Amino acid sequence: MSKKPSKTAPRAASKAAAGKLGKAATKRPAAALTNGHAERIADALEAIAAQLSAASPAAASADSFGNADAFVWHPDGRLSPVPRVSRVDLGLLKGIDRMRDILIENTERFADGLPANNALLWGARGMGKSSLVKAAHASINAGRKPPERLKLIEIHREDIESLPGLMELLRDSSFRFIVFCDDLSFDGNDASYKSLKAVLDGGIEGRSDNVVFYATSNRRHLMSRDMIENERSTAINPHESVEEKVSLSDRFGLWLGFHNCDQQTFFAMIEGYATRFGLELPPGQLKADAIEWSMTRGSRSGRVAWQFIQDLAGRLGKRLD
């Protein structure tokens, strides 16, 4: 009768191997272990600690806010500083004087520590909605000392569900913040608008006094007409369901409407840019070229005017600095 293999044999072999490795390790010079391996381990631990500290939202809150005036929010809790914001000078924004004055006044009150409203800038494409927010931020900060300067934080539309986390991070800061979302809208079964409603209302804690929310959208109610009509046709109580969605825009204290510009305003935009960047053409040619450009695009707006200026500067061999 054959004997079963002993289970203790492999264990004994492994113990013997371990003993040999242990004896071999003890033969290594102590100085080699200390100077070589220990230093490498220490360097690796320091690198890991630095990475964890940089990724920490608390670290970003404590250190980064004083190093820049603008940031981009990431849903993992990071705030990336923006050294140079892409913006247009406030004086170059034409045809939106009333909206400009209202937003500047609201932003200035907020910067001074007074009550201010969240703002929804809605309307025609390319008419300077996001440009006005960035220009207002720069205008208010001009002449202010660093502790008094507003911080602009951009949150992307697809990250709106992480907005409550951002607001929690900003709540206890000594700085004041404009949280900005460009081209905000909701489609289909997207329920992330509920996160925005909770933030705008403030919940049980109330809205933070040091944060104001500015958003731009092509839609007045932030919802597509198809989305609203679908609720009317499929919901058990259509009126209540539609009201829930439409009421989102009611959370904004300021509604600033932007509309398509006429030809005179379009020329004013072109001339303002041309003067600012020193783009000179024979009399009448600038206007003629601008008309042709707008006709090929089928529209007149601040965006179309800027695209024309970029094309003109390229043809003239000049930089837009």
Backbone HN-Hα couplings from phi across segment 127-136 [Karplus 6.51/-1.76/1.60, Hz, Gly and Pro as x]: 9, x, 5, 5, 4, 5, 4, 5, 5, 5
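Roughly how big is segment 263-316's charge dipole about its Cα centre, with Cβ charges of +1 (Lys, Arg) and -1 (Asp, Glu), in debye to the nearest 20? Don't jump to the answer; show the numbers that get you there.
On the way: 6 positive and 5 negative charges, 35 e Å.
Dipole magnitude for segment 263-316 comes out near 160 debye.
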Residue pairs, from the table 151/318; 94/194; 145/318; 94/151; 145/194; 145/197, whose Cα atoms sit over 29 Å apart: 151/318; 94/194; 145/318; 145/194; 145/197
Other-chain or far-sequence residues with amide H under 5 Å of residue 123's (modelled H): 217, 218, 219, 258
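What FRET efficiency would be calculated for the residue pair residue 112, residue 201, taking the C-beta separation as r and a Förster radius of 25 Å, to the nearest 0.05?
On the way: r = 24 Å, r/R0 = 0.97.
Computed FRET efficiency for residue 112 and residue 201 comes out at 0.55.
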Furthest towards positive pole of dipole, 299, 283, 272, structure part segment 263-316, Cβ charges: 299
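Report the local net charge at residue 149: Lys and Arg +1, Asp and Glu -1, summed over other residues whose C-beta lies under 14 Å from its C-beta. Don't skip to the end; give the middle numbers.
Numbers: positive: 144, 145, 151, 176; negative: 69, 108, 112, 148.
My count for the surroundings of residue 149 gives 0.
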Distance between modelled label sites at residue 45 and residue 78, nm, 7 Å Cα→Cβ extension: 2.6 nm
Projected label distance in nm at residue 105 and residue 148, using a 7 Å step from Cα toward the beta-carbon: 2.2 nm
Zone of residue 310's modelled label, taken as backbone nitrogen in segment 86-110 under 11 Å from a point 7 Å along Cα→Cβ: none
In order through segment 84-91: 3J(HN,Hα) via Karplus (6.51 cos²θ - 1.76 cosθ + 1.60), integer Hz, x for Gly, Pro: 9, 7, 6, 8, 10, 4, 4, x
Under-5 Å amide H pairs with residue 153, H placed in peptide plane, nonlocal only: 71, 178, 179, 180
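Quick check on segment 263-316: take the gyration tensor over C-alpha atoms, sort the square-rooted eigenvalues as a ≥ b ≥ c, and tell me if it's rounded (a/c under 1.5), prolate or oblate. Please list the in-between numbers first.
On the way: a/c = 1.40, a/b = 1.39, b/c = 1.01.
Since a/c stays below 1.5, the shape of segment 263-316 is classed as rounded.
Quick note: the coordinates plus some simple rules give every number you see, no bench work behind them. Remember, it's a predicted structure, so these values are computed and weren't measured experimentally. Positions of Cβ are backbone-derived with ideal geometry, glycine not excepted, and every protein chain shown enters the neighbour counts.
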